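Read through the structure below, which is laid out as structure tokens, and then see the notes.
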Amino acid sequence: MTEKLLVELKNKLEKEGASFVGFSDITDVENNLGYKGAVTIGIKLLDSVVEQIYNEDSPTYQYFHHYRTVNAYLDRLALYTALFFEKSGLRCLMIPASQSSVNDPYSGAFPHKTAAVKANLGFIGKSALFIHKDYGSMVRLSTVLVDVPLSPDTDVCRLSCGSCSACADACPAGAISGNSYIPGAPRCSVFDAEKCSFYMKKAYRDIGRGAVCGICMAVCPFNKFTR
Ligand code: SF4
Ligand code: SF4
């Protein structure tokens, strides 16, 4: 895969509405499904939608709809990317923006966040969310795996949560421990996915069918509107 083709792909994705695009080498990732490289595609959520969660301290109908619309759009951009690679003679695999794996109801087939961090686009916060270096936590991701290693086109992100604990303090389920995430550590070291899911199903069944909350995402000070 030539650098020129990757620049062309990135330009097209950004023209189609991607907020950011990154490339990574995933040869050393344990669950890489036999692929060597990854393209991360991200969309920033609308300020107005996330602000509503922030102001109401609750998920909203608008957020549920926005969440699903953005996921569907990410899947479309991922399909565009996969077709682009196939045309170039490369084997690739789309990882859906939001789909649980058969073996684990709280994880996808491949972790979007791992590829995004390896692409130097941001870091994983105490909330276990991916925090983009410019857009904060209010982003959604999709990933396309490809059978050649790709190199990041941006410098390593050196940001971290520091002493902040806003997400842990705000979580109504007590699902966030407040510990810093250590790269490579299991997600459960900072975040209890079962506790989060159980609470959402109980408290927000009438909003987003108990599948979304977003409070920990909305309060993160890396989001421009909360700064
Ligand atoms: S989504 Fe809601 S319940 Fe789950 S960890 Fe975040 S704030 Fe807590
Ligand atoms: S709210 Fe604070 S502690 Fe939580 S992820 Fe954002 S910066 Fe990190």
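Summary table
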quantity: Any hit, region 108-119, residues being open to solvent by less than 70 Å² (accessible area, probe 1.4 Å), part of a loop (DSSP other than H, G, I, E, B) and more than 17 Å from PHE23 (Cα to Cα); calculated: yes
quantity: Residue that is surrounded by the fewest Cβ atoms within 10 Å (Cβ to Cβ), among those in region 120-140 that are under 21 Å from ASP153 (Cβ atoms) and out of contact with any Gly (no Cβ under 9 Å at 6 or more places or on another chain); calculated: PHE123
quantity: Output for region 193-217, where each listed residue is of a type in the set (A, V, I, L, M, F, W, C), open to solvent by less than 100 Å² (accessible area, probe 1.4 Å) and either within 16 Å of ligand 2 (Cβ to nearest atom) or closer than 22 Å to LYS126 by Cβ (or both); calculated: ALA193, CYS196, MET200, ALA203, VAL212, CYS213, ILE215, CYS216, MET217
quantity: Residues that are touching a residue at least 60 places away in the same chain (Cβ under 8 Å) and either of a type in the set (Lys, Arg) or open to solvent by 50 Å² or more (accessible area, probe 1.4 Å) (or both), drawn from region 89-107; calculated: LEU93, PRO105, TYR106
quantity: From SER177, SER151, residue being in contact with an Asp or Glu (Cβ under 7 Å, 6 or more places away or on another chain) and open to solvent by 20 Å² or more (accessible area, probe 1.4 Å); calculated: SER151
quantity: Residue ID - surrounded by the fewest Cβ atoms within 10 Å (Cβ to Cβ), chosen from residues in region 162-172 that are within 14 Å of ligand 2 (Cβ to nearest atom) and under 21 Å from ILE53 (Cα atoms); calculated: ASP169
quantity: Neighbours by Cβ (under 9 Å, 6+ apart or cross-chain): first from region 187-211, farther than 21 Å from THR69 by Cβ and of a type in the set (Phe, Trp, Tyr); second more than 9 Å from ligand 1 (Cβ to nearest atom) and part of a loop (DSSP other than H, G, I, E, B); calculated: PHE191/LYS126; PHE191/SER177; PHE191/TYR181
quantity: From ASP147, ASP153, residue being more than 16 Å from ligand 1 (Cβ to nearest atom), under 19 Å from the mean Cα position of the chain (by Cα) and touching a residue at least 24 places away in the same chain (Cβ under 8 Å); calculated: ASP153
quantity: Residue count for region 52-68, restricted to those that are open to solvent by less than 70 Å² (accessible area, probe 1.4 Å) and not aliphatic (A, V, I, L, M); calculated: 8
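The values are calculated or read from the model by the stated rules, or taken from the named source; none is laboratory data. Predicted, not measured: the structure shown is a model, and the values here were computed from it. As a convention, Cβ positions derive from the backbone with ideal geometry for all residues, glycine included, and neighbour counts pool all protein chains shown. In case anyone asks, the SASA skips ligands and DNA or RNA and just uses the protein heavy atoms, side chains included. Shrake-Rupley method; radii C 1.70, N 1.55, O 1.52, S 1.80 Å.
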